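Q: Pasting in a structure now, in structure tokens, and then I'll have a few things to ask.
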Amino acid sequence: MKYVLVTGGVVSGLGKGVTASSVGVVLKACGLRVTSIKIDPYLNTDAGTMSPFEHGEVFVLDDGGEVDLDLGNYERFLDVTLTRENNITTGKIYQSVLEKERKGDYLGKTVQVVPHITDAIKNWIESVSVIPVDGTDGPADVCVIELGGTVGDIESMPFIEALRQLFFSVGQDHFCLIHVSLIPVLGVVGEQKTKPTQHSVRELRALGLTPHFLACRSAQPLLENTKQKLSQFCHVPVGNILNIHDVPNIWHVPLLLRNQNAHDAILKHLDLSSVAKPPNLQEWTKRAETFDSLTNSVRIAMVGKYVGMSDSYLSVVKALLHACIACSSKPMIDWIAASDLEDDSANLTPEAHAAAWKTLENAACVLVPGGFGDRGVKGMILAAKYARENKVPYLGICLGMQISVIEIARSVLGLERANSTEFDDKTPDPVVIFMPEGSKTHMGSTMRLGCRRTLFQNPDCITAKLYHNSDYVDERHRHRYEVNPEMVSILEESGLKFVGKDESGKRMEILELPDHPFYVGVQFHPEFKSRPGRPSALFLGFILAATGQLEVYLRNPQNGSL
């Protein structure tokens with residue numbers, strides 16, 4: 001196994017995940033099989049209990065793992081299916097070591113960070129790196145490892161030490177370290193500053209790791225004298241200093257690396273030049289350039305709780321991007337805080353209320369994504385009602401589906417206090433209820449999680465046609481509450497149809513309004529399986545409806561490309 005380690009310095013949020021993914025893309029384009037591991041030094045065992053405001057979205061894997069959003073980047077860029085074991089956290093490592101200690105596996109020895117924690121990290125990396133993730137048998141050729149945080153963080157120290165030991169044990173030809181760093185330009189001087197990177201590399205070297213490559217983040221391309229200075233003071237050859245400057249979209253990053261011959265240098269370092277081919281990035285190049293040249297756009301109203309941080313809905317944003325490009329349009333996402341649509345905000349913040357409604361009314365389509373808790377629910381219900389009554393294409397995901405059920409129960413069936421027991425446990429008409437397999441006392445990994453099957457009830461429904469007339473679809477879930485099966489017959493009297501159910505027939509997975517151009521709610525999260533060049537069927541249908549192309553697309557028996 002060959003390892004490519006990506007670390008970060010100076011500041012967080014430099015794009016280590018995109019850099020690591022892009023390195024993987026270029027190596028895969030050279031004919032190599034690539035897998036990836038994300039190391040998160042926090043103490044949480046997984047990302048499941050983290051606030052989207054603080055950490056961005058929780059990405060869900062096929063096996064139900066709740067992981068860091070960077071694993072979503074890996075899956076989208078590398079087109080692989082990762083497992084929960086591909087995300088290592090401090091909590092997971094300590095938990096595994098303490099379980100061994102309690103069982104007596106250490107034979108009475110004093111359990112310490114070195115060697116017990118560091119050995120656990122090394123063993124985890126070595127065992128996970130050989131798990132195939134691309135649908136074929138046998139281990140990958142290269143494992144790209146991203147170490148979260150920045151070098152020097154106290155919580156990263158055991159991982160740095162474990163990776164140093166791994167480097168020592170596998171040897172120079174099997175381990176390549178790429179350090180991502182910032183090259184700022186001070187406004188007053190206008191000069192590219194190398195000192196932050198120098199300090200970061202010095203700290204890394206003091207910890208026993210020497211970078212073989214520098215991936216320099218900057219606004220503008222690096223000047224030659226900046227590269228020379230970095231090479232001199234960081235002991236990295238000029239040819240190994242890669243510049244990842246700002247680009248129109250992140251699909252250009254693998255092309256930037258290719259254009260700087262990063263693949264040649266990495267392959268040479270890992271002694272893989274003899275088995276690799278020249279990188280084939282034709283499709284990738286076409287996608288990046290197509291996006292840059294698009295002139296049409298589609299306005300999408302995103303009505304949610306966490307709109308202050310776009311990373312909270314990163315996979316939804318990416319799925320919209322994939323679908324829009326397939327429809328030859330650029331996504332223009334208008335973020336609407338659901339609470340701004342509510343009647344209360346008309347009195348408290350009238351300007352925000354008016355602006356939110358104006359934005360909603362100017363949108364070509366409305367999307368209500370997932371979420372937890374009752375904040376903003378009234379605003380989401382108003383958005384769903386607006387889309388239903390005005391025949392505006394609507395897509396409700398998870399909570400967004402439940403919202404549409406509550407809205408129809410209230411507005412169409414006249415059940416004024418209809419609600420989810422999540423928001424009102426004393427509601428006389430509980431149209432959404434807590435599901436039996438969840439837990440009300442524990443937050444992490446206690447939901448209906450991972451890939452589950454949905455069976456279509458009606459082959460003529462829009463959703464079944466979008467999924468190429470399949471009998472079923474496998475999508476990823478993450479929720480605690482679901483439509484009350486005892487209320488289904490009453491709800492369907494409103495004209496609403498539950499066209500997708502689980503294998504037991506008791507869990508409502510997909511709803512549609514037949515007399516609406518596109519009004520779809522799904523209990524699962526289709527955004528997690530959307531890929532560049534292979535958009536999610538539901539997101540594609542949503543954008544097709546918003547751009548007036550859905551009927552033509554559905555008439556095509558092949559549901560081919562537009």
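Q: Any residue in the range 79-91 that is of a type outside the set (Val, Ile, Thr), out of contact with any Cys (no Cβ under 9 Å at 6 or more places or on another chain), open to solvent by 20 Å² or more (accessible area, probe 1.4 Å) and assigned to a helix (DSSP H, G or I)?
A: Yes, some residue in the range 79-91 is of a type outside the set (Val, Ile, Thr), out of contact with any Cys (no Cβ under 9 Å at 6 or more places or on another chain), open to solvent by 20 Å² or more (accessible area, probe 1.4 Å) and assigned to a helix (DSSP H, G or I).
Q: Taking the residues in the range 29-53 that are part of a loop (DSSP other than H, G, I, E, B) and buried (at least 23 other Cβ atoms within 10 Å of the Cβ) as candidates, determine which candidate is modelled with the lowest pLDDT.
A: Ala47
Q: Residues in the range 65-78 that are over 15 Å from Gly48 (Cβ atoms) and part of a loop (DSSP other than H, G, I, E, B): how many?
A: The qualifying residues number 0.
Q: Can you tell me how many residues within the range 327-367 are touching a residue at least 40 places away in the same chain (Cβ under 8 Å), buried (at least 17 other Cβ atoms within 10 Å of the Cβ) and hydroxyl-bearing (Ser, Thr, Tyr)?
A: Selection size over the range 327-367: 3.
Q: Next question. Go through the range 128-150 and give me each residue that's small (Gly, Ala, Ser) and open to solvent by 10 Å² or more (accessible area, probe 1.4 Å).
A: Gly135, Gly138, Ala140, Gly149
Q: Would you point out which residue out of Thr150, Thr136 is modelled with pLDDT under 95, under 24 Å from the mean Cα position of the chain (by Cα) and over 18 Å from Thr7 (Cβ atoms)?
A: Just one listed residue meets the conditions, Thr136.
Q: Out of Gly373, Gly396, which single residue is surrounded by fewer than 24 Cβ atoms within 10 Å (Cβ to Cβ), small (Gly, Ala, Ser) and outside any helix (DSSP H, G or I)?
A: Gly373
Q: Just wondering, is there one or more residues in the range 209-223 that are assigned to a helix (DSSP H, G or I) and either on the phi < 0 side of the Ramachandran plot or surrounded by 15 or more Cβ atoms within 10 Å (Cβ to Cβ) (or both)?
A: no
Residue-wise test of (1) open to solvent by 100 Å² or more (accessible area, probe 1.4 Å); (2) farther than 14 Å from Leu32 by Cα; (3) in contact (Cβ under 8 Å) with a residue 24 or more places away in the chain.
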{"site": "Asn259", "(1), (2), (3)": "yes, yes, no"}
{"site": "Ile266", "(1), (2), (3)": "no, no, yes"}
{"site": "His269", "(1), (2), (3)": "no, yes, yes"}
{"site": "Ser273", "(1), (2), (3)": "no, no, no"}
{"site": "Pro279", "(1), (2), (3)": "no, no, yes"}
{"site": "Gln282", "(1), (2), (3)": "yes, yes, no"}
{"site": "Arg287", "(1), (2), (3)": "no, yes, yes"}
{"site": "Thr290", "(1), (2), (3)": "no, yes, yes"}
{"site": "Ser293", "(1), (2), (3)": "no, yes, no"}
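Q: Name the single residue that is least open to solvent (accessible area, probe 1.4 Å) among those in the range 54-78 being more than 21 Å from Ser22 (Cα to Cα) and among the acidic types (Asp, Glu).
A: For the range 54-78, the residue satisfying everything is Glu66.
Q: Would you be able to tell me the number of residues in the range 499-527 that are farther than 25 Å from Leu320 by Cβ and open to solvent by less than 30 Å² (accessible area, probe 1.4 Å)?
A: The number of residues fulfilling the criteria is 1.
Q: Right, another one. Just the residues that are surrounded by 15 or more Cβ atoms within 10 Å (Cβ to Cβ), of a type in the set (Asp, Glu) and under 13 Å from Val405 (Cα atoms), please, taken from the range 452-496.
A: Within the range 452-496, Glu482 is the sole residue that qualifies.
Q: Report whether or not Val366 is β-branched (Val, Ile, Thr), out of contact with any Asp or Glu (no Cβ under 8 Å at 6 or more places or on another chain) and within 21 Å of Pro331 (Cβ to Cβ).
A: Yes: the conditions hold for Val366.
Q: Ok, one more. Can you name every residue in the range 102-116 that is more than 19 Å from Glu155 (Cα to Cα) and open to solvent by 60 Å² or more (accessible area, probe 1.4 Å)?
A: Scanning the range 102-116 gives Arg102, Lys103, Asp105, Leu107, Gly108, Lys109, Thr110.
Q: Would you be able to tell me the number of residues in the range 384-399 that are touching a residue at least 12 places away in the same chain (Cβ under 8 Å) and either among the β-branched types (Val, Ile, Thr) or under 16 Å from Phe542 (Cα atoms) (or both)?
A: 11
A quick yes/no check of all residues on (1) part of a strand (DSSP E or B); (2) under 27 Å from the mean Cα position of the chain (by Cα); (3) among the hydroxyl-bearing types (Ser, Thr, Tyr); (4) loosely packed, with under 14 Cβ neighbours inside 10 Å:
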| position | (1), (2), (3), (4) |
| --- | --- |
| Leu98 | no, no, no, yes |
| Thr118 | no, no, yes, no |
| Glu126 | no, yes, no, no |
| Phe167 | no, no, no, no |
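Q: Within the range 1-57, can you find the residues that are among the aromatic types (Phe, Trp, Tyr) and under 20 Å from Pro139 (Cβ atoms)?
A: If the condition is that a residue be among the aromatic types (Phe, Trp, Tyr) and under 20 Å from Pro139 (Cβ atoms), then Tyr3 is the only one that fits.
The values are calculated or read from the model by the stated rules, or taken from the named source; none is laboratory data. Worth saying up front: this structure is predicted, and the values here are computed from it rather than measured. Glycine also receives a Cβ, built like all others from the backbone with ideal geometry; neighbour counts cover every protein chain displayed. Quick note on the areas: whole protein, heavy atoms, side chains included, nothing else; ligands and nucleic acids left out. Shrake-Rupley method; radii C 1.70, N 1.55, O 1.52, S 1.80 Å.
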